[in-house]
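**Student:** What follows is a single structure, and I will ask about it in a moment.
The values are calculated or read from the model by the stated rules, or taken from the named source; none is laboratory data. In this text the structure is predicted, and so the values were computed from the model without any measurement. For neighbour counting, all protein chains shown are included, and Cβ atoms are generated from backbone atoms with ideal geometry for every residue, glycine included.
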Amino acid sequence: MTPKFKAQAGTFESSDIMILIEPVQPDTGRQVDISSTVILQFEADITKTIIQVLDELEIKDVHLIAKDKGALNQTIRARVETAIKRSLGIQKGTL
Amino acid sequence: MKNAIGVEIPEYIEGLGKLEPFQGVWKSIIEDEVPVTNISRTLKAKKPHTSKLCDTLEDAIKKCNPFDGMTVTFHHHLRGGDHVLMATIKILDQLGIKDITLASSSLTSAHDGLVPYVEKGMITKIFTSGIRGQLGEIISKGKLKYPAIIHSHGGRVRDFLTGRIKPDLSVLAAAAADEEGNATGAHGPSAFGSMGYADIDARYSKNVIIVTDNLVEYPCVPCTIRQHFIDFVVKVDSIGDATKIASGTTRITKSPMDLRIAKIAASVIEHSGLFKNGMSFQVGAGGASLAVAKFLREDMKRKDIKGSFMIGGVTSYGVDMLNEGLFHSIFDVQSFDAAVSTSVLNNPNHIEITGDQYANANNCGSMTNKLDVVVLGALEVDVDFNVNVITGASGEIRGASGGHSDTASGASLTVIVCPSFRGRLPIVQDRVHTVVTPGESVDAIVTERGVCVNPSKPNLAAALKKAGVKVVDIRDLKKEVEEMTGLPAEKKLGDKIVALVEYRDGTIIDVIYNVENLS
């Protein structure tokens, strides 16, 4: 699936993550930009979790910006899924 | 050589001399057997009816004959609002003075301006109880010529008395002072309450300058700092930013996590066996720590308990409890908000004390030794109950030792309050990055997921379990938390020692190495 709209999910609160999605041209691939307060401790984990959700939702072309304040994996998963669904125009399960 | 908690301590460090390894909380403090040399007070003289007043701080400093390699000391009662320390360093730099040892009772966000002076080698040694912000970062990267010494509040007093810190010049900010140098922090436009940490500087420094923005008619009352120690007095327009020195009243946190931790901590105190008439109490000013006072206040009212005294850093919340009659008195070494200054000034049961009386291990009357219960915070704790309050997640210096190890050593019940993880970083470690307070002096660690009791206190654990408090094994808690957060990557450390953590008896409890990456 391909994101159609700019979308976001999450907050800048501690222990949360803000995910911003920007649609890109087809076949440009994934660009994932991560900044985090715990980048030195958890960079690999955060990247892996985001990529997993993109894989599960079959998103091939996207620009994803993650601004993390120390979110747990479950939070990261939920925020990425919500942001992606919003960018696809899916209402269900995104509040 | 290894110290009692297994840390490799160098026997000698250039510029700082021989080091003694930490042996245990009370091992080196033996009654009737005090093996340290004492220094004597500086002899001074002044003829009758001559003036101590100087037009500018620069004039006063010049009269003190500054020299290369001198030690300059300050107090940190102005906290983040202090302008006096930076003004002094700038003047000394303009006079071409270098190789300075800086000994401030603590360093705050107001002292980030020290960075260039450290980088160019004008300041080469630092003794302090806390280092934060950009200054902490550059010291962590190894920019200070000799390792910084982090001491406790009580340890600082001892360091003056043993001559480890040899003060040549002390520049002491006061909220009100007179022409002879009688001074107080209790009133004036920049009032900051107790002036407790400045007492030792005034008594033992070769040259003492009082700086005030509020020169009052002689004599200044109350006179916390006494005129017979003071060489010069300077009136300046402002000693600092009043809004950052002390403002308003301290509010209790609204964070549900902190409140939950605090509520559990209050129930630990209630069922510890110490919750009875005559209880003495100290609480930190930080989130969960101060919130414990809120629940304790309710418990004390409900059970009609009247406490004895409170000590330490005092907030308006403590003053409220004094005024309600929940405690008999407050012994105040440091005040945290404007409402406290008024109480110091007006309430005879709100008593200003010196750092010496507060927490010095080498006198025979520290208030910390009379303490029943203390509640303290932590950046990290470990499975041996050691506490880190000085280094952050990357190993960088970003905190303060303060009175943490002093109060923990003296209190009958030392309670540490902290969340089990903070912004994904697990708080319980196999070994904290830096030990400030040894586990030997910690009784209980309270988190939102339960209370860990030091195995050396089986009676406490039994009493808490009986009362229905959730007691958890610290290793189980560590595992539970790591399953949620994942394991953080190892810190990348260099091999240069950038700071030494001095225990309150002058021995070295831990060393801090340089860090390569800072997040």
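**Student:** Filter region B:343-382 for residues that are touching a Gly at 6+ places or on another chain (Cβ under 9 Å) and among the β-branched types (Val, Ile, Thr); which is farthest from B:GLU440 (Cα to Cα)?
**Tutor:** B:VAL344
**Student:** Same structure, new question: Would you check if there is a residue in region B:406-418 being over 21 Å from the mean Cα position of the chain (by Cα) and either surrounded by fewer than 24 Cβ atoms within 10 Å (Cβ to Cβ) or without any contact (Cβ under 8 Å) to a residue 12 or more places away in the chain (or both)?
**Tutor:** No, because not a single residue in region B:406-418 is over 21 Å from the mean Cα position of the chain (by Cα) and either surrounded by fewer than 24 Cβ atoms within 10 Å (Cβ to Cβ) or without any contact (Cβ under 8 Å) to a residue 12 or more places away in the chain (or both).
**Student:** So B:ASP384 passes all but one of these: (1) at pLDDT 95 or above; (2) crowded, with 21+ Cβ neighbours inside 10 Å; (3) part of a loop (DSSP other than H, G, I, E, B). Which condition number does it fail?
**Tutor:** Every condition holds for B:ASP384 apart from (2).
**Student:** State which residue is surrounded by the most Cβ atoms within 10 Å (Cβ to Cβ) when the search covers only region A:67-90 and only residues that are more than 12 Å from every other protein chain (Cβ to nearest Cβ) and in contact with a helix residue (DSSP H, G or I) (Cβ under 8 Å, 6 or more places away or on another chain).
**Tutor:** My answer is A:VAL80.
**Student:** What number of residues within region B:380-437 are touching a helix residue (DSSP H, G or I) at 6+ places or on another chain (Cβ under 6 Å), within 14 Å of another protein chain (Cβ to nearest Cβ) and farther than 23 Å from B:ALA148 by Cα?
**Tutor:** Number of matching residues: 5.
**Student:** Within region B:40-58, can you find the residues that are surrounded by 15 or more Cβ atoms within 10 Å (Cβ to Cβ) and at pLDDT below 90?
**Tutor:** B:THR42
**Student:** Given the residues B:ASP304, B:ASP337, B:ASP356, which is the only one that is acidic (Asp, Glu), more than 18 Å from B:LEU413 (Cβ to Cβ) and free of Cβ contacts under 8 Å to residues at least 12 places away in the same chain?
**Tutor:** Working: B:ASP337 fails: free of Cβ contacts under 8 Å to residues at least 12 places away in the same chain; B:ASP356 fails: free of Cβ contacts under 8 Å to residues at least 12 places away in the same chain.
When all the criteria are applied, what remains is B:ASP304.
**Student:** Inside region A:19-37, can you point out the residues that are touching a strand residue (DSSP E or B) at 6+ places or on another chain (Cβ under 9 Å), farther than 14 Å from B:GLY423 by Cβ and either away from every other protein chain (no Cβ under 13 Å) or assigned to a loop (DSSP other than H, G, I, E, B) (or both)?
**Tutor:** Those that are touching a strand residue (DSSP E or B) at 6+ places or on another chain (Cβ under 9 Å), farther than 14 Å from B:GLY423 by Cβ and either away from every other protein chain (no Cβ under 13 Å) or assigned to a loop (DSSP other than H, G, I, E, B) (or both): A:ILE19, A:LEU20, A:ILE21, A:GLU22, A:PRO23, A:VAL24, A:THR28, A:GLY29, A:ARG30, A:GLN31, A:VAL32, A:ASP33.
**Student:** Of the numbered conditions (1) within 28 Å of B:LYS492 (Cβ to Cβ); (2) in contact (Cβ under 8 Å) with a residue 12 or more places away in the chain; (3) over 16 Å from the mean Cα position of the chain (by Cα), B:ILE97 satisfies every one except a single condition; which is it?
**Tutor:** Only one criterion is unmet by B:ILE97, namely (1).
**Student:** Look through B:ASN459, B:ASN517 and report the one residue that is surrounded by fewer than 19 Cβ atoms within 10 Å (Cβ to Cβ), over 19 Å from B:ARG398 (Cα atoms) and out of contact with any Gly (no Cβ under 6 Å at 6 or more places or on another chain). Spell out the reasoning first.
**Tutor:** Values: B:ASN517 fails: over 19 Å from B:ARG398 (Cα atoms).
None of the other options fit; the residue is B:ASN459.
**Student:** Further, regarding this structure: Restricting attention to helices (runs of 4 or more DSSP H) lying wholly within region B:251-352, give those where 3 or more residues are surrounded by fewer than 17 Cβ atoms within 10 Å (Cβ to Cβ) and not hydrophobic (A, V, I, L, M, F, W, C).
**Tutor:** In region B:251-352, B:287-303 are the helices (runs of 4 or more DSSP H) which contain 3 or more residues that are surrounded by fewer than 17 Cβ atoms within 10 Å (Cβ to Cβ) and not hydrophobic (A, V, I, L, M, F, W, C).
**Student:** Within 30 Å of B:SER329 (Cβ to Cβ) and aliphatic (A, V, I, L, M): does that describe B:VAL446? First the steps, then the outcome.
**Tutor:** Values: within 30 Å of B:SER329 (Cβ to Cβ): yes; aliphatic (A, V, I, L, M): yes.
For B:VAL446, the condition - within 30 Å of B:SER329 (Cβ to Cβ) and aliphatic (A, V, I, L, M) - is met.
**Student:** Then there's this: So which of B:ASP237, B:ASP241 is of a type in the set (Asp, Glu), within 27 Å of the chain's Cα centre (by Cα) and surrounded by fewer than 17 Cβ atoms within 10 Å (Cβ to Cβ)? Give the steps one after another, and end with the answer.
**Tutor:** Numbers: B:ASP237 fails: within 27 Å of the chain's Cα centre (by Cα).
Result of the check over B:ASP237, B:ASP241: B:ASP241.
**Student:** While we're on this one: Please go through region B:290-349 and pick out each residue that is of a type in the set (Asp, Glu) and over 23 Å from B:HIS77 (Cβ atoms).
**Tutor:** Listed by number, the residues that qualify are B:GLU298, B:ASP299, B:ASP304, B:GLU324.
**Student:** In region B:77-87, which residues are in contact with a strand residue (DSSP E or B) (Cβ under 6 Å, 6 or more places away or on another chain) and surrounded by fewer than 24 Cβ atoms within 10 Å (Cβ to Cβ)?
**Tutor:** B:GLY81, B:HIS83
**Student:** Any idea which residue in region A:46-66 is farthest from the other protein chains (Cβ to nearest Cβ), counting only those that are surrounded by fewer than 19 Cβ atoms within 10 Å (Cβ to Cβ) and closer than 25 Å to B:ALA393 by Cβ?
**Tutor:** Step one: filter region A:46-66 for residues surrounded by fewer than 19 Cβ atoms within 10 Å (Cβ to Cβ), giving A:47-48, A:51-52, A:54-58, A:60-61, A:63, A:65.
Of the ones still in play, those that are also closer than 25 Å to B:ALA393 by Cβ are A:47-48, A:51-52, A:65.
Working: A:THR47: 12, A:LYS48: 10, A:ILE51: 15, A:GLN52: 14, A:ILE65: 18 Å.
Once the filter is applied, the top-ranked residue is A:ILE65.
**Student:** Take the residues in region B:464-475 that are within 32 Å of the chain's Cα centre (by Cα) and not β-branched (Val, Ile, Thr), then tell me which one is surrounded by the most Cβ atoms within 10 Å (Cβ to Cβ).
**Tutor:** B:LEU464
**Student:** In addition: Take the residues of region B:357-375 that are over 13 Å from B:ILE311 (Cβ atoms) and touching a helix residue (DSSP H, G or I) at 6+ places or on another chain (Cβ under 7 Å): which is nearest to the other protein chains (Cβ to nearest Cβ)?
**Tutor:** The extreme case among them is B:ALA361.
**Student:** Hey, among the residues in region B:122-169 that are of a type in the set (Lys, Arg) and surrounded by 24 or more Cβ atoms within 10 Å (Cβ to Cβ), which one's farthest from B:GLY69 (Cα to Cα)?
**Tutor:** Top of the filtered list is B:ARG158.
Per-residue answers, yes or no, for (1) touching a helix residue (DSSP H, G or I) at 6+ places or on another chain (Cβ under 6 Å); (2) touching a residue at least 24 places away in the same chain (Cβ under 8 Å):
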{"position": "B:ILE200", "(1), (2)": "yes, yes"}
{"position": "B:SER205", "(1), (2)": "no, yes"}
{"position": "B:ILE209", "(1), (2)": "yes, yes"}
{"position": "B:THR212", "(1), (2)": "no, yes"}
{"position": "B:LEU215", "(1), (2)": "no, yes"}
{"position": "B:GLN227", "(1), (2)": "no, yes"}
{"position": "B:SER238", "(1), (2)": "no, yes"}
{"position": "B:ARG251", "(1), (2)": "no, no"}
